[in-house]
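Enquirer: My questions all concern the structure below.
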């Protein structure tokens, strides 16, 4: 059985195993089992659709964290026709957990920034598991200001469990770096498309998350804190993470309803990791569509719309109107 | 006298209230009946130097330990009394209240509990007031209310305070003090208040208005990683704990002991994250001086125009 399947995929994996067995059996004994295989494949497809159309938030979170999920650099390679990575914040160092550069998608020049995770342990240590330091956020800001100067749309790909909690990060102003980015992104006069491609971990995600369009891939999450941390704080039990994942409303569908994200980008059946090419194609189409729409706006309109989008977020109760009407 | 300000609200609220003012009655009654005789109400033990301090003496000393100088936390009301000229504060948006947008388990009960405990509707008081004769748009967080965490109400009130500073051309002062960061119970709606306040501060910057951020104990997470770090001038109180991630989380992550004085106001000063550490007794005076100099700048601007 393949090692990297998720709990809820078990029936599906078992079915696939059976198909593989039949295939080898067919070759070995030279018996025609095509019909039987076809039948099982069809059943697998139906089963997959069934499983994936009824995923719980906790299950979606597992897909978002899947070790084989395409990373920022995977998407860049498949989405861009050309890409040149650019390094460093010009102040302290180069953060390998938050990368960026310039590229071309068709005839559209772009600046792309994004959190970078690894796939192997070694790779992940080098990438600090996609947890950026202040220098990462400052590099991202440098590249965004450059994009503004040279009139290139910006694509920000979010995939982080959170900003890194460490001594150096605190010394160099992790909080300030994230805050500064949000404030400055409000003033950048080129279109900014933000896409959550995996984990949208709290402030670490939001540090590159202020844009004209905020999209989420189908099986990703975006949360104020990790469900594990929420469960540990509120229920003093990290095992309640599943409950917390539900309560926190972290899925693309939930966040569309709360008007925090603007769109959902479909993923291939079974999740982005099952088909890199198709995932990248779907993402590319969506990005180009949004850039074309945003390009029609003047810089003033763009900034105004971006401001209004964030300005209206939140839900409150305000009593004064009721009282005034009673007067 | 300054000492008399503590525990009393000496300002008016501009909106009509739907029911009798809960705030003033509760704050002045300072808690539940029968508690008065408890020694806890008479004495406080300083966590820093273990000195036992007579509460009256502590209040006289602006809630700073007379023996070691530890700055105890102030409520939002106390903070306003400390900074604003007597009788010169008008509260705005006092009628904003939290709802439970995610239907999060037990959130309403939590909010009600803290409303009763603090006499506040939520974790911030905002308004317009005078500091040594300079009119400012002021906001003060209250760390007692769900750890001073930011939810939709706090974000909205802060944003309106920023907008008032823009519209009325006033300097903005926000006193941060919240260990809770973005409030979990409102999920992503809370997180987005970080973005909302930060993008509003961009507008303030573009309008050319001054923003002084005052960081008090504790300022963490979504509070420090948004408006609190974005002042033209950032001032912290001595010993205030300020940081992005909580010390426990960092310790668990790096599996090492944290350096002495880590995440204190003095630590931030050393690493260049704040402009000044100012004692509570000198805070109003310092703000007054900054506002004096700032006003001279705007007067020059007018002359040139």
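Enquirer: So, residue A:179, is that one in contact (Cβ under 8 Å) with a residue 40 or more places away in the chain, out of contact with any strand residue (DSSP E or B) (no Cβ under 7 Å at 6 or more places or on another chain), within 18 Å of residue B:193 (Cβ to Cβ) and within 10 Å of another protein chain (Cβ to nearest Cβ) or not?
Expert: Answer is no for this residue.
Enquirer: Please tell me if residue B:152 is within 10 Å of chain A (Cβ to nearest Cβ), at pLDDT 95 or above, surrounded by 24 or more Cβ atoms within 10 Å (Cβ to Cβ) and in contact with a helix residue (DSSP H, G or I) (Cβ under 9 Å, 6 or more places away or on another chain). If you could, list the steps in order and put the result at the bottom.
Expert: Numbers: within 10 Å of chain A (Cβ to nearest Cβ): yes; at pLDDT 95 or above: yes; surrounded by 24 or more Cβ atoms within 10 Å (Cβ to Cβ): yes; in contact with a helix residue (DSSP H, G or I) (Cβ under 9 Å, 6 or more places away or on another chain): yes.
Considered against the rule, which asks whether it is within 10 Å of chain A (Cβ to nearest Cβ), at pLDDT 95 or above, surrounded by 24 or more Cβ atoms within 10 Å (Cβ to Cβ) and in contact with a helix residue (DSSP H, G or I) (Cβ under 9 Å, 6 or more places away or on another chain), residue B:152 comes out as yes.
Enquirer: Okay, moving on. Which number in (1) touching a helix residue (DSSP H, G or I) at 6+ places or on another chain (Cβ under 7 Å); (2) part of a loop (DSSP other than H, G, I, E, B); (3) away from every other protein chain (no Cβ under 14 Å) marks the one condition that residue A:159 misses?
Expert: Residue A:159 satisfies every listed condition except (2).
Enquirer: Which ones in segment B:155-189 are in contact with a helix residue (DSSP H, G or I) (Cβ under 7 Å, 6 or more places away or on another chain), farther than 30 Å from residue B:292 by Cα and assigned to a helix (DSSP H, G or I)?
Expert: Residues satisfying the conditions are B:184, B:185, B:186, B:188, B:189.
Enquirer: Within the group A:320, A:279, A:266, which residue is at pLDDT below 95 and either surrounded by fewer than 18 Cβ atoms within 10 Å (Cβ to Cβ) or closer than 30 Å to residue A:46 by Cα (or both)?
Expert: Numbers: A:279 fails: at pLDDT below 95; A:266 fails: at pLDDT below 95.
Answer to the selection: A:320.
Enquirer: Residues being surrounded by fewer than 24 Cβ atoms within 10 Å (Cβ to Cβ) and under 16 Å from residue A:139 (Cα atoms): count how many of those fall in segment A:98-109.
Expert: Initially, segment A:98-109 is screened for residues surrounded by fewer than 24 Cβ atoms within 10 Å (Cβ to Cβ), giving A:101-109.
Adding the requirement that they be under 16 Å from residue A:139 (Cα atoms) leaves A:101-102.
Of the residues in that region, 2 qualify.
Enquirer: Just one of (1) assigned to a loop (DSSP other than H, G, I, E, B); (2) in contact with a strand residue (DSSP E or B) (Cβ under 9 Å, 6 or more places away or on another chain); (3) within 19 Å of residue B:192 (Cβ to Cβ) trips up residue A:151, so point out which.
Expert: Result: residue A:151 fails condition (3) only.
Enquirer: Another question, then. Within the bounds of segment B:226-242, is there any residue that is at pLDDT 95 or above, over 18 Å from the mean Cα position of the chain (by Cα) and within 30 Å of residue A:252 (Cβ to Cβ)? Break it down into steps so the answer makes sense when it comes.
Expert: From segment B:226-242, those at pLDDT 95 or above are B:226-242; that's our starting set.
Adding the requirement that they be over 18 Å from the mean Cα position of the chain (by Cα) leaves none.
No, every residue in segment B:226-242 fails to be at pLDDT 95 or above, over 18 Å from the mean Cα position of the chain (by Cα) and within 30 Å of residue A:252 (Cβ to Cβ).
Enquirer: Still on this structure, please answer the following. Restricting the search to segment B:77-120, which residues are within 14 Å of chain A (Cβ to nearest Cβ) and over 30 Å from residue A:246 (Cα atoms)? Please lay out each step first, then the result.
Expert: Step one: filter segment B:77-120 for residues within 14 Å of chain A (Cβ to nearest Cβ), giving B:91-112, B:115.
Within segment B:77-120, B:91, B:92, B:93, B:94, B:95 qualify.
Enquirer: Moving on to the next point. Test of understanding: among A:167, A:190, A:214, which residue is touching a strand residue (DSSP E or B) at 6+ places or on another chain (Cβ under 9 Å), more than 19 Å from residue B:203 (Cα to Cα) and at pLDDT 95 or above? Walk me through how you get there before you give the answer.
Expert: On the way: A:167 fails: touching a strand residue (DSSP E or B) at 6+ places or on another chain (Cβ under 9 Å); A:190 fails: more than 19 Å from residue B:203 (Cα to Cα).
Selected residue: A:214, the only one of A:167, A:190, A:214 that is touching a strand residue (DSSP E or B) at 6+ places or on another chain (Cβ under 9 Å), more than 19 Å from residue B:203 (Cα to Cα) and at pLDDT 95 or above.
Enquirer: Let me ask something else about it. Do we find that residue A:143 is more than 19 Å from residue B:215 (Cβ to Cβ), assigned to a helix (DSSP H, G or I), more than 13 Å from chain B (Cβ to nearest Cβ) and under 23 Å from the mean Cα position of the chain (by Cα) in this structure?
Expert: Details: more than 19 Å from residue B:215 (Cβ to Cβ): yes; assigned to a helix (DSSP H, G or I): yes; more than 13 Å from chain B (Cβ to nearest Cβ): yes; under 23 Å from the mean Cα position of the chain (by Cα): yes.
So residue A:143 passes the test.
Enquirer: Does at least one position in segment A:146-155 carry a residue that is free of Cβ contacts under 8 Å to residues at least 60 places away in the same chain and either within 13 Å of chain B (Cβ to nearest Cβ) or under 12 Å from the mean Cα position of the chain (by Cα) (or both)?
Expert: no
Enquirer: If I filter segment A:292-300 for residues that are surrounded by 19 or more Cβ atoms within 10 Å (Cβ to Cβ) and in a loop (DSSP other than H, G, I, E, B), do I get at least one hit?
Expert: Of segment A:292-300, the ones surrounded by 19 or more Cβ atoms within 10 Å (Cβ to Cβ) are A:294.
Then drop every residue that is not in a loop (DSSP other than H, G, I, E, B), which leaves none.
No, the conditions are met nowhere in segment A:292-300.
Enquirer: Need a quick list: helices (runs of 4 or more DSSP H) entirely within segment A:185-276 having at least 3 residues that are more than 9 Å from chain B (Cβ to nearest Cβ) and either more than 12 Å from the chain's Cα centre (by Cα) or within 24 Å of residue A:72 (Cβ to Cβ) (or both).
Expert: Numbers: elements: A:202-206, A:227-234, A:241-247, A:252-257.
Correct list: A:227-234, A:241-247, A:252-257.
Enquirer: Only residues that are under 19 Å from residue B:183 (Cα atoms) and assigned to a loop (DSSP other than H, G, I, E, B): list them for segment B:120-154, please.
Expert: Of everything in segment B:120-154, those that are under 19 Å from residue B:183 (Cα atoms) and assigned to a loop (DSSP other than H, G, I, E, B) turn out to be B:120, B:121, B:122, B:123, B:142, B:143, B:144, B:145, B:149, B:151.
Enquirer: If you don't mind, there's one more thing I want to ask. What number of residues in segment B:185-220 are at the interface with another protein chain (Cβ under 7 Å from one of its Cβ atoms) and in contact (Cβ under 8 Å) with a residue 60 or more places away in the chain?
Expert: The qualifying residues number 2.
Enquirer: Hey, another quick one. Could you tell me whether any residue of segment B:119-136 is in contact with a strand residue (DSSP E or B) (Cβ under 6 Å, 6 or more places away or on another chain) and surrounded by fewer than 20 Cβ atoms within 10 Å (Cβ to Cβ)?
Expert: Checking segment B:119-136: not a single residue is in contact with a strand residue (DSSP E or B) (Cβ under 6 Å, 6 or more places away or on another chain) and surrounded by fewer than 20 Cβ atoms within 10 Å (Cβ to Cβ).
Enquirer: Would you mind listing the helices (runs of 4 or more DSSP H) fully within segment B:190-305 where at least 3 residues are touching a strand residue (DSSP E or B) at 6+ places or on another chain (Cβ under 7 Å)? Working first, answer last.
Expert: Details: elements: B:221-224, B:247-254, B:265-270, B:280-304.
In segment B:190-305, the matching helices (runs of 4 or more DSSP H) lie at B:221-224, B:265-270, B:280-304.
Enquirer: If you don't mind, another one. Among all residue pairs at least 6 apart or on different chains, which show Cβ distances below 9 Å where the first residue, located in segment B:243-270, is more than 7 Å from chain A (Cβ to nearest Cβ) and the second is exposed (fewer than 15 other Cβ atoms within 10 Å of the Cβ) and part of a helix (DSSP H, G or I)?
Expert: Going by the 9 Å Cβ cut-off, the qualifying pairs are B:261/B:270.
The values are calculated or read from the model by the stated rules, or taken from the named source; none is laboratory data. The shown structure was predicted, so the numbers you read here are calculated from the model rather than taken from an experiment. All Cβ positions, glycine included, derive from the backbone under ideal geometry; neighbour counts span all protein chains shown.
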